[in-house]
Structure formats: C-alpha cells, structure tokens
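Working notes, structure below.
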Amino acid sequence: MLCIGEQRQEWCGGVRRRALVQAGFLGALGLTAPQHAGLCSAVAGRAVILLWLWGGPSHLDLFDPKPDAPSEYRGPYPTLETNVSGMQVTELLPALARRAHQWALVRSLFHQQNDHGIAGTIQMTGRSPQNGRVHPHAGAIVNRLRGNPRLLSGFFVLGDRLQQGHRLIQGEGGGQLGVVYDPLRVTYDPVAGVQLGEVQPPRGVDSARAGRRRSLLDHLAERSPTPTPARDAEALGQMYEKAFSLMTSSEGRRVFELEREPPKVRDAYGRHRFGQSCLLARRLVESGVPFVQVNWSTHVEAEEDAGDGGWDNHYRNFEMLADRQAWPFDQACAALLDDLAQRGLLGTTLVVAVGEFGRTPKINPNAGRDHWPGCYSALLAGGGVRGGQVIGASDARGEAPAAQPHTPEDLCATVLHSAGISRTDVLALGLPVEGEPIHELF
C-alpha cells in the first residue's frame, strides 16, 4: 500500500500513475507561458472531440425520424427539414438543422450487445474485452501516438468515471497500453465551476513540498520489487519532469479558466454542465490536446436520486428528451461547431456525437424506449468529414440497417483515421485491429 499524506493506493508493480496524480505529483496542464502563447499556431496534426451520450439516445427521436411508421414506433415529434435538401431530423434539433452542411450522419450503426457496460466498452475501444484484457480507448491510442511532448496529457475526459449502477465501466483508459495513457479528468459544475480533480495540486502543496514528494517517489521507485517497463518508465519520467516544474505555475491552468471567455460565448454554449464542458473541450483542443471526451453523464441504471441525466429513457422518454436532453445537446453541439469553424479549427478537429446504442423503435408501455443495439446513429463533423450527407440507412421502422451497415469497430477506425493514425500504426503497438474507416464520410 502506498500512502502519501491522505492518499492510499495499492502498491503493485511500482508506483501507479493514478495514485501519483491524486497525490499531487501530476499538477496542472504542462504548459509554460511561452508555450501557451505559441502553441495555438503550432498544433501538430488533428484533434478529436468525442461527445459521449452515455445511456443511448433514441435515434428515431433525434437523427433518424420515421414519420410514416405506425404511431407506436414513430413518436410524437414532427420531422424538421435541415438546410441541406433531403436531410431531416426531428424538431428537437433546430440549431443543428440550420447547420447540416457542417455535419454528416451515419444512420446504420449496429452491434449485438444490449448491456450498457459491454456496449460502451466496444464503442469507446472498437473491440470487446478478450480474456480479461481491455483494448485501449481510442483516445489512449491517440495519446500514445500523437501526444504532444509539451503537454502533460494528450487525452482528457471531461466528467467523472462512467458507471452502470455502481459498477465502473471498462474502456475509458489505456487498457493494454498501460495506465500511463489513461485520461486526465476534469469536471465542470454549474455552481463551483471547473474542478481540476486529479490535475489539481492538493491544497498547501507548494514547490518545496512537491520537491520532497518527488524525492520520496524516486526512493520508492528504486525499491520497487517489480520495475516499471522501460517504455512506461520513460513516459512517466517525462510527465514527472514537466509536472514537478509546472505544478505551481498559474500559467499552466489558464486553459481551464472559462471566465476568460466572453460572456456571449459562454451563453452560446449554454450555462449548463454539458455546454460549458464542450467549451472547455474547445479550449483544450486549441491548446494542443489531441483527444477530448465530454461525458454527458456519469450514471445509468442507478437509483433515481443517483442519476444525473443520462439518455437511458426506459420511462417518459419523450418528456425527458424535450425537458432535459435534446435542447442542451442541440445548443452546445451547434455552438461547438460554430466556435471551431470561426477559429479555423473545424477542418482539423473531428467532432463525434454518439452513445453506446439506440433505443427500441417500438415504444414500451411506460412511454419509454428500451436498449436497442440493432440500429443507431452517430453525428460526425470536421476533421475532414464532408458535411451535408447521410451514410447508410435504417429500415422503415428503424429496427435494423437497410443499407451500408457499420459497426462500432468501423466508427472507432474512422476516429483514428481522422486523427491521422493508420491501421499500420495500431498494429505496430501490438494491438489487434478490427473494423475499417467509413471512407464515404471524407
């Protein structure tokens, strides 16, 4: 057991990265003042923002309306013409409808897992766990291959760990690549603002105290009975060097200070958790971070008082969509696309909005829709994607793909392709590759 101050973590195979982060070793985002000033003009390659709609939004009620289906399938929302001829969404997405030229839809995703946890792992990693081994998240692969050496991490998740009930979900981390490539987490609270969490130095930890902790870390690492693999040791060492020198620097945390944004920009995103998290994602990408995931929520299938607004609408689906879900998503996603475009970043930043599956096309007796992996949709924009198009199609009731079926593995391969990572690059890491990029998007 490793115990540093109030922090206790299991000691196994050397010092665990998360233990060090929580103990205050991995301080603020690794940017010096000159680096921060010049980095926006020196962003290397492409970036990805994954809007993770945890819980599984209804494809029929958002992206794939079926106005001619029987009433027990189609739902109450009329279709809405977008600014691209022939493309329709439901009336719940008016802001995105006015910007359809910026984004594309894939309406023919499918898989066979109706469990949130398993489906989520497959969607985030592009592969189901094999013999207890979890494939790395797409963001971890990007971090490994495209992480900027001037940054503390190339992979951020905005939001807490995903849970199904009280069980943590696999697939949000480095998996087989190791914990070195796990994301750093930051959260936004409408009252408290940005919470740096594991990138926040503990209260009272100044540079002198950090130095003492570093000496202790070096001592413990030398005594570790199981040395850290050379590659991981080198990566950890680089993070320690940056973190120890920068953890007390206010410049390193400028990117997290949303109050630096004009009020009208913050209002455009919406002063809610998802909207401000999307704004923070833009700031991180603008500062050189190549992969940011924005978690819509944390819990699904939890007690009602533990829920936090996920898309798992087994009950009152239409009421929940109208009152709590569709409008904040529509507002924030549209603002993100506008903001990226105005800053010249949309062409190099892929935005993906997707959940782990869709909802049952047939409405259940509780005015809800249940889990449905047989067919669902994803929105993609930027990063080389040609907007104003629909890839694939579902059948007349939205139950199964009718044309150009694609899997989560294909979508994950598409994300990596947009980020400039090839199949050969992934194979060189010793990782299996499943799926093919959806080339029609580009």
Original post:
Once phi is turned into θ = phi - 60°, what whole-Hz ³J(HN,Hα) does the Karplus curve with 6.51, -1.76 and 1.60 give for every residue of region 410-419, x standing for Gly and Pro?
Top reply: 5, 5, 5, 4, 5, 4, 5, 4, 5, 7
Original post:
Ranked by Cβ crowding within 10 angstrom, fewest neighbours first, how are Tyr376, Tyr73, Tyr181 ordered?
Top reply: Tyr73, Tyr181, Tyr376
**OP:** Return the sequence-ordered ³J(HN,Hα) values of region 59-74 in whole Hz as given by the Karplus equation 6.51 cos²θ - 1.76 cosθ + 1.60 applied to θ = phi - 60°, using x for Gly and Pro.
**Re:** 5, 5, 9, 10, 9, 9, x, 10, x, 9, 6, x, 4, 6, 10, 6
Subject >> Dipole magnitude of region 346-442, debye to nearest 20 (Cβ charges: Lys/Arg +1, Asp/Glu -1, about Cα centre) >> reply: 320 debye
Subject >> Phi to ³J(HN,Hα) by Karplus 6.51 cos²θ - 1.76 cosθ + 1.60 over region 310-327, Hz, x for Gly, Pro >> reply: x, 8, 8, 8, 6, 10, 6, 3, 6, 5, 5, 4, 6, 8, 10, 10, 5, 5
Original post:
Considering only DSSP states other than H, G, I, E and B, which trypsin sites (Lys or Arg not before Pro) in region 46-98 qualify as loop sites with at most 10 other Cβ atoms within 10 Å?
Top reply: none
**OP:** Using label points projected 7 Å from each Cα along Cα→Cβ, tell me how many nm separate Ala403 and Tyr315, to one decimal.
**Re:** 4.0 nm
Subject >> Amide H partners (placed H, <5 Å) of Ala402, local residues excluded >> reply: Ala393, Ser394, Asp395
Original post:
For the pair Ser422 and Arg133, how long in nm is the line joining their label points, each one 7 Å along Cα→Cβ?
Top reply: 2.4 nm
Original post:
What are the residues whose amide H is under 5 Å from the amide H of Leu80, where those residues sit 5 or more places off or on another chain and H is modelled from the backbone?
Top reply: Val89, Thr90, Glu91
**OP:** Can you grab the distance from the C-alpha centre of region 135-162 to the C-alpha centre of region 389-439, Å, no decimals?
**Re:** 20 Å
**OP:** Can you tell me how much longer the chain between Arg324 and Leu429 gets when fully stretched, taken as 0.36 nm per residue apart minus their C-alpha distance, in nm with one decimal?
**Re:** 33.6 nm
Original post:
Using the Cα gyration tensor of region 277-372, with a ≥ b ≥ c the square roots of its eigenvalues, what is the shape: rounded (a/c below 1.5), prolate (a/b larger than b/c) or oblate (neither)?
Top reply: prolate
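Read-outs: derived from the displayed coordinates by stated rules, not from any lab. All values reported here derive from a predicted model rather than from experimental measurement. Cβ atoms come from the backbone with ideal geometry, glycine included; neighbour counts cover every protein chain shown.
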